[in-house]
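Okay, structure first, notes after.
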Amino acid sequence: MTDDAATTQPFLVMAKPVGPICNLDCGYCYYLGKKALFPHGEPFKMRREVLETYVAKYIAASPGPLVHFVWHGGEPTLAGIDFYRRVVELQARHLPEDWQCLNSLQTNGTLLDDAWGAFLAEHRFLVGLSLDGPPQLHDAGRVDRRGRPTYDRTLRGLRALRAHGIDPDVLCALHAGNARHPLDVYRFFLDLGISWLQFLPVVRRGVDGHVDSWSVSPELMGDFLCTVFDEWVRYDVGRIGIQNFLEPFLVVKGQPANLCVMAETCGRALALEHDGSVYACDHFVDAPHRLGSIVTEDLRDLADAPGQRAFGEAKRDDLPSACRSCDVRHFCHGGCPKDRVASDPNGEPQLNYLCAGYRKFYRHVNPYLTRMGLLALQGHPVTGIADELEAAERHERRLWRTAPRNGPCPCGSGEKYKRCCLPRQRL
């Protein structure tokens with residue numbers, strides 16, 4: 001890639017209007033500890049002048065005509081509705097003619113009420129809601145600062161959004177607790193009428209550098225995703241969008257994935273703290289990865305700085321041998337750099353902790369996604385795969401019901417049915 005090509009790449013900013021401050025104390029949160037980066041007594045709220053500088057510089061750095069602002073946290077609703085009223089005013093002031101802004105808000109939902117719902121609907125905010133499954137699984141990890149459960153408050157927030165016509169995307173953190181209950185979690189979201197869902201595996205290291213007890217194991221994650229996929233592809237394709245399945249479907253069709261964790265390189269999703277500091281990534285908000293400040297520097301210059309480009313290219317360049325020879329590498333490209341804390345069989349570092357789970361998952365789903373891609377190429381709806389799977393199941397049942405005792409076993413072993421699967425009463 002030439003320097004000119006690199007500097008034309010779009011980038012996204014994940015803005016933190018209240019920094020790492022949150023009204024919850026989730027057991028697996030990786031961001032609350034970022035408070036240590038700031039001095040004692042820090043007022044964790046983006047100042048008006050920092051906000052206006054950010055809005056103006058981000059619009060100026062955008063190729064347009066759509067500029068996507070992402071508001072994250074901590075808990076971004078702690079900034080208050082008036083903060084976001086100021087946001088939309090500033091966007092209107094700095095936006096070129098015929099351009100538009102799109103705002104996305106990722107929230108735990110506990111502070112949402114009718115006023116929030118009305119505001120977010122009026123200004124067409126996209127809303128992501130963090131919800132980890134049924135009450136007992138959600139509340140196991142997501143408690144408030146006093147240790148109280150939050151499920152009921154999150155559902156109240158969901159109702160406030162829906163009352164104003166907002167159908168939020170749901171982000172489900174996949175941790176060591178809820179990952180043991182794939183169908184319970186998945187069917188809960190179906191019953192709730194969720195239309196877009198993302199499972200985000202939790203990998204968190206303790207102060208000793210080792211993966212902690214909240215982290216989902218590679219085996220649990222792989223089993224969870226495979227189990228949910230089997231249910232989804234058989235019954236729910238077209239009914240609910242699951243990012244973990246639709247992103248690899250893009251890859252199968254020869255298109256680039258939207259998720260940075262699946263891309264060959266990264267570094268185009270920056271993090272902006274409340275004080276104007278810009279970091280290489282939301283998962284690398286630390287002193288070594290601080291790029292500078294929007295208060296004194298150009299945002300495009302920070303995004304295209306040599307150090308940031310090297311950070312993004314290291315995702316590709318530092319792959320261990322096991323990744324380079326992997327048959328499903330094109331799906332994950334080694335996954336998120338933050339999770340590359342294991343070693344491959346040759347002892348090389350930089351192997352993704354979740355590698356075994358990803359290998360199992362991508363190998364499992366590849367035939368189904370390939371078939372869906374062929375259906376699309378032939379002009380058929382991809383939902384046709386559910387009909388094909390149903391027909392295959394009927395055919396298999398028929399084979400087992402009609403198999404003669406002394407005939408070959410339908411399992412294909414070459415043995416007689418009566419000496420192979422009949423004693424096990426498969427059907």
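Exactly one residue out of Arg145, Arg156 is touching a Ser or Thr at 6+ places or on another chain (Cβ under 9 Å), in contact (Cβ under 8 Å) with a residue 24 or more places away in the chain, under 30 Å from Asn178 (Cβ atoms) and open to solvent by 20 Å² or more (accessible area, probe 1.4 Å): that is Arg156. Considering only region 237-261, state which residues are open to solvent by 10 Å² or more (accessible area, probe 1.4 Å), outside any loop (DSSP other than H, G, I, E, B), among the aliphatic types (A, V, I, L, M) and more than 30 Å from Ala305 (Cβ to Cβ). Those that are open to solvent by 10 Å² or more (accessible area, probe 1.4 Å), outside any loop (DSSP other than H, G, I, E, B), among the aliphatic types (A, V, I, L, M) and more than 30 Å from Ala305 (Cβ to Cβ): Leu246, Val252. May I ask you to verify whether Ile81 is surrounded by fewer than 21 Cβ atoms within 10 Å (Cβ to Cβ), β-branched (Val, Ile, Thr), farther than 19 Å from Ile21 by Cα and touching a helix residue (DSSP H, G or I) at 6+ places or on another chain (Cβ under 8 Å)? For Ile81, the condition - surrounded by fewer than 21 Cβ atoms within 10 Å (Cβ to Cβ), β-branched (Val, Ile, Thr), farther than 19 Å from Ile21 by Cα and touching a helix residue (DSSP H, G or I) at 6+ places or on another chain (Cβ under 8 Å) - is not met.
The set of residues in region 102-141 that are open to solvent by 10 Å² or more (accessible area, probe 1.4 Å) and either closer than 15 Å to Cys22 by Cα or basic (Lys, Arg) (or both) comprises Gln106, Leu111, Arg124, Ser130. Within region 92-117, no residue that is closer than 22 Å to Asp139 by Cα sits with its Cβ atom under 8 Å from a residue that is open to solvent by 70 Å² or more (accessible area, probe 1.4 Å) and in a loop (DSSP other than H, G, I, E, B) at 6+ positions apart or across chains. The set of residues in region 268-301 being assigned to a helix (DSSP H, G or I) and open to solvent by less than 10 Å² (accessible area, probe 1.4 Å) consists of Leu299 alone. When only residues in region 383-427 that are open to solvent by 50 Å² or more (accessible area, probe 1.4 Å) and of a type in the set (Gly, Ala, Ser) count, which is nearest to the chain's Cα centre (by Cα)? Taking the candidates together, the pick is Ala392.
Can you tell me which residues in region 336-363 are buried (at least 17 other Cβ atoms within 10 Å of the Cβ), touching a helix residue (DSSP H, G or I) at 6+ places or on another chain (Cβ under 8 Å) and in a helix (DSSP H, G or I)? Within region 336-363, Pro337, Cys355, Gly357, Tyr358, Arg359, Lys360, Phe361, Tyr362 meet the criteria.
Scanning region 296-347 for residues that are of a type in the set (Gly, Ala, Ser) and within 19 Å of the chain's Cα centre (by Cα), we see that the one that is farthest from Glu52 (Cα to Cα) is Gly334.
Residues of region 219-236 that are open to solvent by less than 20 Å² (accessible area, probe 1.4 Å) and of a type outside the set (Phe, Trp, Tyr): Met221, Gly222, Leu225, Cys226, Val228, Val233, Asp236.
Taking the conditions exactly as written (free of Cβ contacts under 8 Å to residues at least 40 places away in the same chain, not in a helix (DSSP H, G or I) and not hydroxyl-bearing (Ser, Thr, Tyr)), does Cys29 satisfy them or not?
Taking the combined requirement at face value, the residue satisfies it.
Residues in region 389-424 that are among the polar types (S, T, N, Q) and closer than 27 Å to Tyr368 by Cβ: 1 in all.
Output the number of the condition that Glu264 fails; it satisfies all remaining conditions of (1) in a helix (DSSP H, G or I); (2) closer than 30 Å to Val382 by Cβ. Unmet condition: (1). Taking every residue in region 226-251 that is in contact (Cβ under 8 Å) with a residue 12 or more places away in the chain and at positive phi and pairing it with any residue that is surrounded by fewer than 21 Cβ atoms within 10 Å (Cβ to Cβ) and of a type in the set (Ser, Thr, Tyr), at least 6 positions away or on another chain, the pairs with Cβ-Cβ distances below 9 Å are Gly238/Thr383. A search for C-beta distances below 6 Å between a residue of region 383-399 that is part of a helix (DSSP H, G or I) and any residue that is not basic (Lys, Arg), counting only pairs 6+ apart in sequence or on different chains, returns Gly384/Leu375; Ile385/Met372; Ala386/Val237; Leu399/Pro410. Do we find a residue being acidic (Asp, Glu) and over 26 Å from Val237 (Cα atoms) anywhere in region 404-416? Yes. Which of the residues belonging to region 178-187 are open to solvent by 30 Å² or more (accessible area, probe 1.4 Å) and not charged (D, E, K, R)? Listed by number, the residues that qualify are His181, Leu183.
For region 61-85, filtered to residues that are in contact (Cβ under 8 Å) with a residue 60 or more places away in the chain and not in a loop (DSSP other than H, G, I, E, B), the residue that is nearest to Ala118 (Cα to Cα) is Phe83. The conditions of being in contact with a strand residue (DSSP E or B) (Cβ under 6 Å, 6 or more places away or on another chain) and open to solvent by 50 Å² or more (accessible area, probe 1.4 Å) are not met by Leu174.
Suppose we filter His68, His72 for residues that are open to solvent by 30 Å² or more (accessible area, probe 1.4 Å) and farther than 30 Å from Ser217 by Cα; which single one remains? Walk me through how you get there before you give the answer.
Numbers: His72 fails: farther than 30 Å from Ser217 by Cα.
Testing whether each residue is open to solvent by 30 Å² or more (accessible area, probe 1.4 Å) and farther than 30 Å from Ser217 by Cα leaves just His68.
The values are calculated or read from the model by the stated rules, or taken from the named source; none is laboratory data. Being a predicted model, the structure only gives us computed values, none of them experimental. No Cβ is skipped: glycine too gets one built from the backbone with ideal geometry, and neighbour counts run over all protein chains shown. Keep in mind that these areas ignore ligands, DNA and RNA; they rest on the heavy atoms of the full protein, side chains included. Shrake-Rupley method; radii C 1.70, N 1.55, O 1.52, S 1.80 Å.
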